[in-house]
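Have a look at the structure below before the remarks.
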Amino acid sequence: MKEKLTTNKAASNTALLSITTETPFNKRHDCWFCGEPNQYVFTYLNSFEPPTSENQFISQLSLPSCKECYQVAKKSVVNAKHEGLHLSIWTIKSEVKQYLVEYYRKDLAIGINWTKRELEESEFGQGNFAGFQRSAWFMFELAKARVNYVSWPLIVDGITVLDEYLEQSFHFDDVVYPNVEQATQHYANTFLLSLDYFRSVLELLGNDDFSKAVRFCRLLVAATTFEQQQALRQLRREVT
C-alpha cells in the first residue's frame, strides 16, 4: 500500500512539471475536472481560437487530471475527431461531468431519496443492509463532491480562457449538473419516469419549476399513456 501511494505521488509530481496552465497552490494535487488526486496530464490542442480575455490564440492547454477523467476526456477527443467535430475544452469538461453523473447515478440517488438523518435513524443497522447504512451517505457525498467540483480558471501566460459553458450548468437539490438535460435524464432514471414525458412537462413549467415537474410526473408514473396525455393537456391549459 505504501509503495502504491509513493508511485501515485511521483506520478502527480511529474504531471505538474508539464502543465501549461496556472494552478493555484492549494489545488496543485487536484484533478482539474473533479478534484481527485491528479496522476496524468490531459493535453488539449486547439484547432480554433478559443475565446480568451485578451482575444489571443492559445495553441495548447495542459491540465492535471486523475486517471478516470483523463480517459474520458481523451475518449471525447478521439470520438470528436472520428466524427469530424471540434470540441472546446469546456465541451470536454461537460462530457466528463456527464460521465460522472451517470457513473454515480445510484450514489447521487441516495441524496434524492434520503437525508443523512433519515439514514442514521433507519433500522438497517442490525439487518442485511447494515453496510448500506454505514457507507451510503459517504458515497453520496463523494459523488456529489466530484460532480460539483469547481475547476479553477484556465490561465496561460496571463491570458484567461473564457468559460463558454458556465451559464449552461444547472443547480438543483445541492447538485450541479452540466446542463438541465443531464439533470432531466438523471431524475427520469432515478424515479423510472418517461424521459420524453418529463421533457414535455418541464417545457411547459420551465426550468425554475424543476421540482414541480418531478412531482407531477411521479404522480403519473403508473398511469396509462392516455391518462398521462390527458394530464398534460390539463397542465397546458393551466399554464397558458
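A145 is checked against (1) modelled with pLDDT under 95; (2) surrounded by fewer than 14 Cβ atoms within 10 Å (Cβ to Cβ) and fails just one. What number does that condition carry?
So A145 meets the others, but not (1).
Out of segment 181-198, which residues are closer than 19 Å to L232 by Cβ and surrounded by 15 or more Cβ atoms within 10 Å (Cβ to Cβ)?
Result: T184, Y187, A188, F191, L193, S194, Y197, F198.
Being part of a helix (DSSP H, G or I), under 19 Å from the mean Cα position of the chain (by Cα) and either surrounded by 18 or more Cβ atoms within 10 Å (Cβ to Cβ) or at pLDDT below 70 (or both) is the filter here; which residues of segment 99-135 pass it?
Y99, L100, V101, D107, L108, I110, G111
Specify which of the listed residues (D163, D196, D209) is of a type in the set (D, E, K, R) and either part of a loop (DSSP other than H, G, I, E, B) or at pLDDT below 90 (or both).
D163
Identify, by number, the condition in (1) at pLDDT below 85; (2) of a type in the set (G, A, S); (3) touching a helix residue (DSSP H, G or I) at 6+ places or on another chain (Cβ under 6 Å) that A73 doesn't meet.
(1)
Quick one: V150 ticks every box in (1) exposed (fewer than 14 other Cβ atoms within 10 Å of the Cβ); (2) in a helix (DSSP H, G or I) except a single one, so which number is it?
With respect to (1) exposed (fewer than 14 other Cβ atoms within 10 Å of the Cβ); (2) in a helix (DSSP H, G or I), V150 is out only on (2).
Quick check on my filter: what residues within segment 223-235 are surrounded by 13 or more Cβ atoms within 10 Å (Cβ to Cβ) and in a helix (DSSP H, G or I)?
Once the filter is applied, which keeps residues that are surrounded by 13 or more Cβ atoms within 10 Å (Cβ to Cβ) and in a helix (DSSP H, G or I), segment 223-235 yields Q228, Q229, Q230, A231, L232, L235.
Residues that are in contact with a helix residue (DSSP H, G or I) (Cβ under 6 Å, 6 or more places away or on another chain), over 23 Å from K144 (Cβ atoms) and of a type outside the set (S, T, N, Q): does segment 218-227 have at least one?
yes
Take the residues in segment 16-50 that are under 14 Å from I155 (Cβ atoms) and either among the polar types (S, T, N, Q) or surrounded by 12 or more Cβ atoms within 10 Å (Cβ to Cβ) (or both), then tell me which one is modelled with the highest pLDDT.
Filtering first and then ranking leaves W32.
Can you tell me which of (1) modelled with pLDDT under 90; (2) surrounded by fewer than 18 Cβ atoms within 10 Å (Cβ to Cβ); (3) part of a helix (DSSP H, G or I); (4) of a type in the set (A, V, I, L, M) is the one L85 doesn't meet?
(3)
The values are calculated or read from the model by the stated rules, or taken from the named source; none is laboratory data. Predicted model, so just to flag it, every value in this text is computed and none were measured. We place every Cβ from the backbone using ideal geometry, glycine too, and count neighbours over all the protein chains shown.
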